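Student: Have a look at this one before I ask anything.
The values are calculated or read from the model by the stated rules, or taken from the named source; none is laboratory data. Because the structure is predicted, anything quoted here is derived from the model rather than measured. Note that each Cβ is placed from the backbone with ideal geometry, even for glycine, and that neighbours are counted across all protein chains shown. For accessibility, only protein heavy atoms count, side chains too; no ligands or nucleic acids. Shrake-Rupley method; radii C 1.70, N 1.55, O 1.52, S 1.80 Å.
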Amino acid sequence: MAVEQTLSIIKPDATRRNITGAINARLEEAGLRIVAQKRIRLGRDQAEAFYDVHKERPFYDSLCEFMTSGPVVVQVLEAENAVALNREVMGATNPADAAPGTIRADLAESLEANSVHGSDSPDNAAREVAFFFSDEEIVG
Ligand code: ATP
Ligand code: MG
């Protein structure tokens, strides 16, 4: 299994509650290396472009509103099998369905305010990493 990168976002509900370090500790304990990271405030255009894949979904407007409601921490995580490993550490989209011990089960507020984003495939990971980071910003 080759070393892989995935795009992670610590969402506004988590920055608001000052638990970005707690989330990073869980990522690192699972063996994910944070090889790039920045705290930013997403603009509406940026949020809409990032979530373009969900444009037709009923929650799209609300999701873009939420993602621009406060700072986020965007990060590139690196590990063998990083995409699937991060999804495992995050837990299911809805915290009510997430396995005990996952970030979303333990820390998320709701289905929308679910504390973290993680790319769902290696192809999407490459696209999402490039959305936020230049090559020089990623230091493995
Ligand atoms: P993410 O893409 O953030 O890693 P995910 O892949 O588990 O999460 P998606 O189906 O891609 O989930 O949905 C993207 C995000 O949209 C979710 O993380 C959540 O914040 C929000 N979302 C998804 N479904 C709903 C819903 N039914 N109602 C409200 N918000 C939702
Ligand atoms: Mg998704």
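Student: Quick one: how many residues across segment 75-103 are outside any strand (DSSP E or B) and at negative phi?
Tutor: 20
Student: For segment 101-137, give me the residue count where each residue is more than 19 Å from THR20 (Cβ to Cβ), aliphatic (A, V, I, L, M) and surrounded by fewer than 19 Cβ atoms within 10 Å (Cβ to Cβ).
Tutor: Of the residues in segment 101-137, 3 are more than 19 Å from THR20 (Cβ to Cβ), aliphatic (A, V, I, L, M) and surrounded by fewer than 19 Cβ atoms within 10 Å (Cβ to Cβ).
So that you can scan it fast, the table gives a plain yes or no per residue for (1) under 20 Å from ASN24 (Cα atoms); (2) modelled with pLDDT of 95 or more; (3) within 14 Å of ligand 2 (Cβ to nearest atom); (4) part of a helix (DSSP H, G or I):
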| site | (1), (2), (3), (4) |
| --- | --- |
| LEU111 | no, yes, yes, no |
| ASP120 | yes, yes, yes, no |
| ALA125 | yes, yes, yes, yes |
| GLY140 | yes, no, no, no |
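Student: Which numbered condition trips up TYR60, out of (1) out of contact with any Asp or Glu (no Cβ under 7 Å at 6 or more places or on another chain); (2) under 18 Å from THR102 (Cα atoms)?
Tutor: Unmet condition: (2).
Student: Turning to a different aspect of this structure: Checking VAL116 against (1) touching a helix residue (DSSP H, G or I) at 6+ places or on another chain (Cβ under 6 Å); (2) farther than 24 Å from ASP45 by Cβ, which test does it fail?
Tutor: The failed condition is (2).
Student: Taking segment 49-74 on its own, how many of its residues are outside any helix (DSSP H, G or I) and either small (Gly, Ala, Ser) or in contact with a helix residue (DSSP H, G or I) (Cβ under 7 Å, 6 or more places away or on another chain) (or both)?
Tutor: Qualifying residue count, segment 49-74: 8.
Student: Same structure, new question: Quick one: which residue in ALA14, ALA22 is open to solvent by 10 Å² or more (accessible area, probe 1.4 Å) and either part of a loop (DSSP other than H, G, I, E, B) or aliphatic (A, V, I, L, M) (or both)?
Tutor: Every option except ALA22 fails the conditions.
Student: Can you report the number of residues in segment 77-90 which are open to solvent by less than 30 Å² (accessible area, probe 1.4 Å) and within 13 Å of ligand 2 (Cβ to nearest atom)?
Tutor: Residues meeting the conditions: 3.
Student: Out of (1) open to solvent by 10 Å² or more (accessible area, probe 1.4 Å); (2) within 16 Å of ligand 2 (Cβ to nearest atom); (3) within 15 Å of SER119 (Cα to Cα), what's the single condition that is false for LEU7?
Tutor: Every condition holds for LEU7 apart from (1).
Student: Another question about this same structure. Scan segment 29-43 and tell me whether some residue there is surrounded by fewer than 19 Cβ atoms within 10 Å (Cβ to Cβ) and within 12 Å of HIS117 (Cβ to Cβ).
Tutor: Within segment 29-43 (the criterion being surrounded by fewer than 19 Cβ atoms within 10 Å (Cβ to Cβ) and within 12 Å of HIS117 (Cβ to Cβ)), the answer is no, since none of the residues qualifies.
Student: So, one more: Being within 21 Å of LEU27 (Cα to Cα) and surrounded by 14 or more Cβ atoms within 10 Å (Cβ to Cβ): is that true of LEU63 here?
Tutor: Answer is no for this residue.
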